[in-house]
Amino acid sequence: MPAETSIAEMNSIDYLTMMVRDVEDVLAVLEEAVKAYAGGNSVSRVYPKIRDLKNKVEDGKVLIMEYLMRLGEALMNARSYIAVAQGLDKIAQLSDGAGYRLMLLEENNIRLDSKIVESVIELVKTARKQMLLIRDSLEKLRLNPRKSLSNCSEVSKLEALADETYRNTTFSLYTLHSGNIVALMVGKEIVDFVEDICDFAKLIGEEIRFLALLKTAST
């Protein structure tokens with residue numbers, strides 16, 4: 001591998017790893033916000049932290065995309081690195097959307113059933129597990145790509161579990177809140193956003209899987 005390509009790859013992985021850490025922070029604060037809503041505490045005190053972290057992730061995406069654009073053709077498979085950055089940014093945006101809607105529910109004194117809230121927490125926890133695996137996948141990409149492949153498979157399995165939780169939660173929403181259209185609609189948006197986070201984590205994992213497969217094929 002040419003030295004220029006190797007350095008570009010290392011820098012790109014480092015940038016993405018920093019972005020993943022920021023997304024992990026976003027998800028941790030989102031879980032804090034859901035628990036605040038569940039406990040009748042102030043979501044409005046927690047939400048600004050989600051918004052600030054979302055902006056930090058967006059800045060990270062711009063940084064790595066500008067870096068990759070400057071490289072031109074020096075880094076093969078730059079498209080996959082860009083796709084990972086865009087996926088991480090989307091997860092931060094979805095987290096912000098979910099947190100904002102939780103705040104709206106609280107401000108309007110609309111309470112979702114505890115079963116729904118518990119399921120949302122479960123989905124966020126699943127997404128956090130996915131992010132841990134994604135970070136490890138990136139860190140192992142250079143020296144142990146087979147471990148990256150294993151991690152990516154686990155990310156996909158977690159997405160399948162999240163999908164099952166999502167289907168059950170959606171059914172519960174329709175049965176428990178059929179008489180409150182606002183609770184139903186906003187609650188559905190929150191559940192959709194968090195499930196989408198797990199979907200995007202899977203897509204990120206697939207991009208990393210592609211990079212890891214290329215590395216294992218060349219060793």
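The values are calculated or read from the model by the stated rules, or taken from the named source; none is laboratory data. Bear in mind the structure is a predicted one, so any value in this text is a computation, not a measurement. Cβ atoms come from the backbone with ideal geometry, glycine included; neighbour counts cover every protein chain shown. These area figures cover heavy atoms from the full protein model, side chains too; ligands, DNA and RNA do not enter into them. Shrake-Rupley method; radii C 1.70, N 1.55, O 1.52, S 1.80 Å.
Yes or no, residue by residue, for (1) under 14 Å from the mean Cα position of the chain (by Cα); (2) modelled with pLDDT under 95; (3) buried (at least 21 other Cβ atoms within 10 Å of the Cβ); (4) among the acidic types (D, E):
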{"position": "Y37", "(1), (2), (3), (4)": "no, no, yes, no"}
{"position": "N41", "(1), (2), (3), (4)": "no, yes, no, no"}
{"position": "Y67", "(1), (2), (3), (4)": "no, yes, no, no"}
{"position": "L75", "(1), (2), (3), (4)": "no, yes, no, no"}
{"position": "A78", "(1), (2), (3), (4)": "no, yes, no, no"}
{"position": "Y81", "(1), (2), (3), (4)": "no, yes, yes, no"}
{"position": "A85", "(1), (2), (3), (4)": "yes, no, yes, no"}
{"position": "K90", "(1), (2), (3), (4)": "yes, no, no, no"}
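Of the residues making up the range 189-206, those that are open to solvent by 40 Å² or more (accessible area, probe 1.4 Å) and in contact with a helix residue (DSSP H, G or I) (Cβ under 6 Å, 6 or more places away or on another chain) are E189, F193, D196, F200, K202, L203.
Applying the criterion of being open to solvent by less than 30 Å² (accessible area, probe 1.4 Å) and assigned to a loop (DSSP other than H, G, I, E, B) to the residues of the range 111-144, the residue that is nearest to E159 (Cα to Cα) is L141. For the range 152-168, the criterion of a residue being in contact (Cβ under 8 Å) with a residue 40 or more places away in the chain and in contact with a His (Cβ under 8 Å, 6 or more places away or on another chain) is satisfied by no position. No other residue among L63, L53, L30 is without any contact (Cβ under 8 Å) to a residue 60 or more places away in the chain and open to solvent by less than 40 Å² (accessible area, probe 1.4 Å) apart from L53.
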